[in-house]
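Derivation of every value follows stated rules applied to the coordinates shown; laboratory data play no part. Keep in mind that this is a model prediction, so the values were computed, not measured. Methodologically, a virtual Cβ is constructed for each residue, glycine included, from the backbone with ideal geometry; neighbour enumeration extends over all protein chains shown.
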Amino acid sequence: MHKKHFTIRHGALTGLLFAGLLVLAACGKKTANNTTPEDVLSPTPTVTGVVIIDEDDETEPALRPEAQGVYQLQKPAQGELCAEFTFTGYGVISVRLFPEEARKAVENFKTLAGNGFYDGIKVNRVIEDYIVQAGDREGQGLGGESIYGGGFADEIAENLKPIRGALCMANLGTESTNTIQFFFVQTKASVIRGLREPLDNRFHITTEQYLKEAYGTEMSAEELSFYELYGGAPWLYGHNTVFGQIYDGYEVLDALMSVKLTSRLRPNPPVVIETVRIFHYGEK
């Protein structure tokens, strides 16, 4: 079995995502000029500068046995709160929710889903190799009102990161603007690993420097290696609430990347979330 020993060094987040990151900074970075949502753990694995990647293993990294040592990636325990998203024509995505770390976000989502609010909504934005976003009834990304009567503050937990498969709250890029919209992070580890050289060689800036200057996100090389193992959007850490993690249905998330899009990145024809079901794992 072929394995590649990948040496962690100062990487890049450019290439396919670089231009998009600059345009989409509002999806994470807190500024006072953002106006619409469309502009919107257990310790990390011990590494010492080298990540061992099995290029022949096509198993989703988050579903490999060693990933069970990471709190966020553990399969739900009996009775844990979960959500099931049924995408018409695509399949089901199952998510473990984190009410202890993101109490307000989970309660908001659970209540809205329990009332059928999300049943039949349209996905309002898909960005290739990045996110799938939904949440409002019209599928236009126009915001909405949470169960608290307005927006609520971010809940940032050290043990929950915006890695691939994370379910996050969308916000306006300013404080207390979480309402009803959410997104799944789709970025694969291979994308993150492949984006290192452009920043190094073309822009002469390290990944750490880029994250700090563009997003105000301070991250060490060791912390970045976590995303190079599992995928995700490190630039979102500290800026968007992570309140769930996929444990089944990564293939559905990837299939949504193939939809045809309008100039505003909306699926055409529309992609509909038929139902969102809240349940306790292991219980019917």
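A few points about this structure:
- Peptides 147-154, 191-198 ranked from most to least packed give 191-198, 147-154, packing being the mean of other C-beta atoms within 10 angstrom over each peptide's residues.
- Relative to the current alpha-carbon distance between residue 84 and residue 275, full extension at 0.36 nm per residue lengthens the span by 68.0 nm.
- Rounded if a/c under 1.5, otherwise prolate or oblate - region 99-194, Cα gyration tensor axes: oblate
- Packing order of peptides 73-82, 177-186, 260-269, 218-227, highest average first: 177-186, 218-227, 73-82, 260-269 (average count of other Cβ atoms within 10 Å over each peptide's residues).
- ³J(HN,Hα), Karplus 6.51/-1.76/1.60, whole Hz, each residue of region 103-109, x for Gly, Pro: 4, 5, 5, 5, 4, 4, 5
- Amide H contacts of residue 167: 243, 244, 245, 246, each under 5 Å away and 5 or more positions distant or on a separate chain (H built 1.01 Å from N in the peptide plane; Pro and chain starts excluded).
- Förster radius 30 Å - calculated FRET efficiency between residue 119 and residue 64 (Cβ-Cβ, nearest 0.05): 0.35
- Mean Cβ neighbour count within 10 Å, used as a protection proxy, ranking 233-244, 165-176 highest first: 233-244, 165-176
- Estimated distance in nm for a label pair at residue 283 and residue 137, the labels positioned 7 Å out from Cα along Cα-to-Cβ: 2.9
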